[in-house]
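Single-structure report; data block below.
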Amino acid sequence: MYKLVLIRHGQSTWNLENRFTGWTDVPLTQQGIDEARQAGRLLKAGGWDFDVCHTSVLKRATHTLWHCLDELDRTWLPVVHTWRLNERHYGALQGLNKAETAKKFGDEQVLVWRRSYDTPPPALEPTDPRYEGSDVRYAKLSAGQVPLTECLKDTVERVLPYWNEAMAPAIRAGKRLVVAAHGNSIRALVKYLDGISDADIVGLNIPNGIPLVYELDADLKPLRPHYYLGDPEAAARAAAAVASQGKA
Ligand SMILES: O=C(O)[C@@H](CO)OP(=O)(O)O
């Protein structure tokens, strides 16, 4: 049996301000740091250990990993950064307040933008100062790979090659992986691993800073439903709070 741990970053400054974030590189709040450290303590208490860490190129995920590894006394572990684990790109919504956007466009429309599988939010113009195309960390990507917006389907399409080419082979080789990523890049992985339908993925929300565990068979299929470490009710409450962030 293989085990895989996925952790959504702790609270970011834009989570606190309830703003659509996407590829915007905002830091953790003090609460986010505390959540990351608590995730590390939970892992330590459970006797978890890892060989390799994977994270995005965004600091809220990277710093979550650092704090978590610090609690585990594993800051020396190899860390692989990839843009493919970045948050889903939120297009022209990046920076806007979620509740105000729901007031303007309605809860239903915001739910479609936040959680539908294949309807992307409005796209950024390439001339928009928010466009990340000239950011040095994406210099090696082809022009089309730096998104102007993404629906979850687009995120799945860039996360899955990384799963297939980097993560799955490492797991099969016996490496114990911990992944610090984002609400929607984790939803992309969960959709694939659990075989969740395009319709049902709308109801899936990932809480901040709580380790999510997969137990996988030799074919990397889940042996049991994925679960959160710690108090399951607290994890369910935190996921419900994420769901309601997009309401007016
Ligand atoms: O703003 C974002 O980038 C994501 C994660 O914080 O938000 P949502 O939960 O609305 O997809």
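Mind pulling the angle between the C-alpha long axis of helix 183-194 and the longest principal axis of the chain? Nearest 10 degrees, somewhere in 0 to 90.
60
Throw me the Rg/Rh for the stretch 2-246, computed over C-alpha atoms with Kirkwood Rh, two decimals.
Radius of gyration relative to Kirkwood radius: 0.94.
Determine the relative contact order of the chain: mean sequence separation of Cα pairs under 8 Å and six or more apart, normalised by residue count, in whole percent.
With pairs under 8 Å counted, the relative contact order is 31 percent.
Using 1/(1 + (r/R0)^6) with R0 = 41 angstrom and r between the beta carbons of Asn97 and Glu165, what's the FRET efficiency to the nearest 0.05?
Efficiency for this residue pair is about 0.65.
Under Stokes-Einstein, with the Kirkwood radius over Cα pairs standing in for Rh, what whole-number D in µm²/s applies to the stretch 1-114 at 37 °C and 0.692 mPa s?
Working: Rh = 15.3 Å.
So the translational diffusion coefficient is about 215 µm²/s.
Suppose we keep just the alpha-carbon trace of the stretch 52-193; what are its Rg and Dmax in angstrom?
16.3, 50
So how much slack lies between Thr75 and Asp34, counting 0.36 nm per residue of separation and subtracting their Cα-Cα distance, in nm? Present the calculation step by step, with values, prior to reporting the outcome.
On the way: separation 41, 0.36 × 41 = 14.76 nm, distance 1.69 nm.
Result: 13.1 nm gained on full extension.
Using a Gaussian network model of the chain whose springs link C-alpha atoms within less than 10 Å, name the residue from Leu28, Leu212, Leu220 with the highest mean-square fluctuation.
Of the options given, Leu220 has the highest mean-square fluctuation.
List the pairs from Lys175/Lys247; Lys191/Lys247; Lys3/Lys153 whose alpha-carbon separation is above 32 Å, in the order I gave them.
Violating the 32 Å limit, Cα to Cα: Lys175/Lys247.
Mind listing the phi-derived Karplus ³J(HN,Hα) values for the stretch 112-128, rounded to whole Hz, using 6.51, -1.76 and 1.60 with θ = phi - 60°, and x for any glycine or proline?
4, 5, 7, 10, 5, 6, 10, 9, x, x, x, 7, 6, 6, x, 8, 5
So, in Å, what gap is there between the alpha-carbon centers of the stretch 176-236 and the stretch 100-150?
Each part reduced to its Cα centre gives a spacing of 23 Å.
Can you bin every Cα-Cα distance in the stretch 28-71 into 10 Å intervals starting at zero and give me the percent of pairs per bin, rounded to whole numbers?
In whole percents, the pair-distance histogram is 31, 54, 15.
Along its three principal axes, how long is the stretch 111-248 when you only count alpha carbons? Whole Å, largest extent first please.
Taking the Cα atoms of the stretch 111-248, the three principal extents are 46, 42, 25 Å.
Every read-out reported here was derived from the displayed coordinates using simple, explicitly stated rules and does not represent laboratory data. Keep in mind the model is a prediction, meaning the values are calculated, not measured. Reconstructed Cβ throughout: ideal geometry from the backbone, glycine too, with neighbour counts over all protein chains shown.
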